[in-house]
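Report on the structure given below.
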Amino acid sequence: MATDDTSLRQGFLADESATLQLGATLAAVLHGGIQLQLHGDLGAGKTTFTRGLLQALGHPGRVKSPTYTLVESYSLPPLTVHHFDLYRFADPDEWHDAGFGDYFAADTLCIVEWPDKAGSCLPPPDLVLELSVCDAGRNYRLQAFSETGHQCLSRLATPTAAS
């Protein structure tokens, strides 16, 4: 999908609270069948963002990084969310060996940290969020890569750079 002003949102997140709020804001427009890929260095805020998203969807408990478990699943009233962290993958074939492709369904939201570790095994993303450390905050870039992702962004009200 070609990039235009409706397929991209970007800005600055001043602190952890703003990162949580971006997750909550995005949660309001997501639904089953979507894959959201998260890119960023260690400590960029990927799990913090996911915590804000999950809390907005109604998860009351702790949200931990699935670095060692590889996937944490959350059965919530609107849908099931699978949060993957592929940082520890040594080979893309581990994706198939683990059976992770079966997690992608019309009634699930899949959030994938370190998607590059799965190589071409992952289906194409609907949305990609890039987070990068900038001073005490984070820069974010959220881009749609499918018609579904584009529809989500068209309904999204994101924080501005001045937030």
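The values are calculated or read from the model by the stated rules, or taken from the named source; none is laboratory data. Not measured: the values here are computed from a predicted model. So basically every Cβ, Gly included, is an ideal-geometry build from the backbone, and we count neighbours across all protein chains shown. These accessible areas exclude ligands, DNA and RNA; they are computed on the full protein's heavy atoms, side chains included. Shrake-Rupley method; radii C 1.70, N 1.55, O 1.52, S 1.80 Å.
Annotations
- Surrounding net charge for residue 18, when Lys and Arg each add one and Asp and Glu each subtract one, Cβ distance under 14 Å: 0
- A cut-off of 5 Å between modelled amide H atoms, ignoring neighbours fewer than 5 places along the same chain, links residue 109 with 33, 80, 81, 82.
- Cα-based shape type of the range 37-112, given that a ≥ b ≥ c are square roots of the gyration tensor eigenvalues and the cut on a/c is 1.5: oblate
- On the chain, 50 percent of the accessible area sits on carbon and sulfur atoms, based on a 1.4 Å probe.
- Computed from point charges on the beta carbon alone (+1 for Lys and Arg, -1 for Asp and Glu), the dipole magnitude for the chain about its Cα centre is near 520 Debye.
- Cα long-axis angle, helix 16-27 against the chain (0 to 90 degrees, to the nearest 10): 70 degrees
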